[in-house]
Amino acid sequence: MAGADKLVVVTPAGRARYMRVLARYVLASSEVAQWHLWDNCRNRRDRAYLHELAGSDPRCVLKPPPPGHTGPWHIAAFYRYFDDPEALYLRLDDDIVFVEDGFFETFKARALAARGTALWFSPVVVNNALGNWLLKHLAAVEIEGPVSAQAMDPWSWQHAAFPEAMHPVLIEAARSGRLDCFRIPDQEVRLTRYSVNAIGFFGADAVALGERFLPPGLDEEEWLSAILPARVGSHGLIFGDLLAAHFSFYTQERELLGTPILKAYYRLAGLKPDAQAAPRRSWSAQALFRRRPRPGRDKPSYTISLPARQRRG
C-alpha cells in the first residue's frame, strides 16, 4: 500500500486514444498513491478527456503547464513537480499501452531494494531502442532483423517495421502466459542516452539536486538518462523481470495507427476499442532527417516469434 516513499505515477498527458488504455492499468493498482497528469495536450478533445480523467479518481492530480513550458514537444519545465522527497516518481509516456500484472507493486519493491545503487530505474520497455536490443540478445523471444543499442536507432526507432512485428507477439505472450520469454538479467545503463518511456526517480534525489536535477533549457532525455548520472557518479538500472509496452515513437505512429494493434491492446486491457480517427499529421523519417532512402537499411524487415514450447517427454 502507499505510504512512506509513496509511488506517484507521472504522465505527460495526453492523447486520449492511448490514455484510456494506460488509465486501465494505473488506476487498477492500489499501490499507486497519486497519478500526476501533466497537461501537455495538443488539442481540445484530448484536454477535455484529460479533465474527465482527472475527475474520475481522487488520486488523479492535474498539473497545469508551468512557466517556461513552450509546447507539447518540450516538457522539461514540468519536472519542477518532482518536489516531494517522500515520493518514488514513475514517469510513464501517455502511450504505454501494457504493463504486466503486479507491475506497480514490483516496480516499487525493486526500486526501494535498489535505492542508493542507481539514479534512475526502468522496466524492460518493448519498443524502446535499447530495450529492443536487449530483448534480441538476452531474452528468449526470437528476433530476426536489425536493431542497435542507440536511443534513436536507425531501424527500430526510425521505422514502424519493428513494433509492427513485435507488438502482436507481446500480446500473444500476455494472453498465453508466456511473458517469461521477455525476461533478461538486470542491466546497468551508463554513458548512453535512454528513451525515457518508463523511468523512475526518488523524489528525495530530485529535491537534493535542486536545479541540477534538470537545469532550464536542457533536453530532458539526454540530461536525465545520460549526463546527470555521469556527473553524480551513478547510472540507470533496468529491471529485467518487469515489462511494459510503448506503442510508438512519432516516426512510427501514423503507420501503426493504420494497423489493428492499438485495438488489440484495448482488448487485452478489457476495454472496447476507441473509435478516434488517426491523426492527420504524417511524419516521414526520411523527410525529418533530410536524407535519401538507402536500400536494405531504410526499410528493415523483421521476423519475431515466441520460441517453440518444449514437449514434456
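The single condition among (1) in contact with a Pro (Cβ under 7 Å, 6 or more places away or on another chain); (2) closer than 30 Å to residue 310 by Cα; (3) surrounded by fewer than 24 Cβ atoms within 10 Å (Cβ to Cβ) that residue 102 does not meet is (1).
Per the conditions (1) on the phi < 0 side of the Ramachandran plot; (2) touching a residue at least 40 places away in the same chain (Cβ under 8 Å); (3) surrounded by fewer than 23 Cβ atoms within 10 Å (Cβ to Cβ), the sole criterion not satisfied by residue 68 is (1). Note on the stretch 35-143: enclosed helices (runs of 4 or more DSSP H) holding 2 or more residues that are under 14 Å from residue 19 (Cα atoms) are 44-54. Does at least one position in the stretch 4-25 carry a residue that is of a type in the set (Gly, Ala, Ser), assigned to a strand (DSSP E or B) and more than 19 Å from residue 70 (Cα to Cα)? Scanning the stretch 4-25, I find no residue that is of a type in the set (Gly, Ala, Ser), assigned to a strand (DSSP E or B) and more than 19 Å from residue 70 (Cα to Cα), so the answer is no. Residue pairs whose Cβ atoms lie under 8 Å apart, separated by 6 or more positions or on different chains, with the first residue in the stretch 201-228 and at positive phi and the second surrounded by 17 or more Cβ atoms within 10 Å (Cβ to Cβ) and in a helix (DSSP H, G or I), are 217/76. Is it the case that residue 25 is farther than 28 Å from residue 263 by Cβ and at pLDDT 95 or above? In short, no. Going through the stretch 257-306 one residue at a time, which ones are touching a Ser or Thr at 6+ places or on another chain (Cβ under 8 Å), at pLDDT below 50 and surrounded by 14 or more Cβ atoms within 10 Å (Cβ to Cβ)? Result: 283, 285. The numbered conditions (1) modelled with pLDDT under 95; (2) under 23 Å from residue 265 (Cα atoms); (3) not acidic (Asp, Glu) are all true for residue 18 except (1). Assuming residue 223 fulfils every condition listed in (1) surrounded by 18 or more Cβ atoms within 10 Å (Cβ to Cβ); (2) over 21 Å from residue 130 (Cα atoms) apart from one, which condition is it? Single failed check for residue 223: (2).
The values are calculated or read from the model by the stated rules, or taken from the named source; none is laboratory data. Nothing here was measured: the structure is a model prediction, and the numbers come from that model. Every residue, glycine as well, gets a Cβ built from its backbone with ideal geometry; the counts of neighbours run over all protein chains shown.
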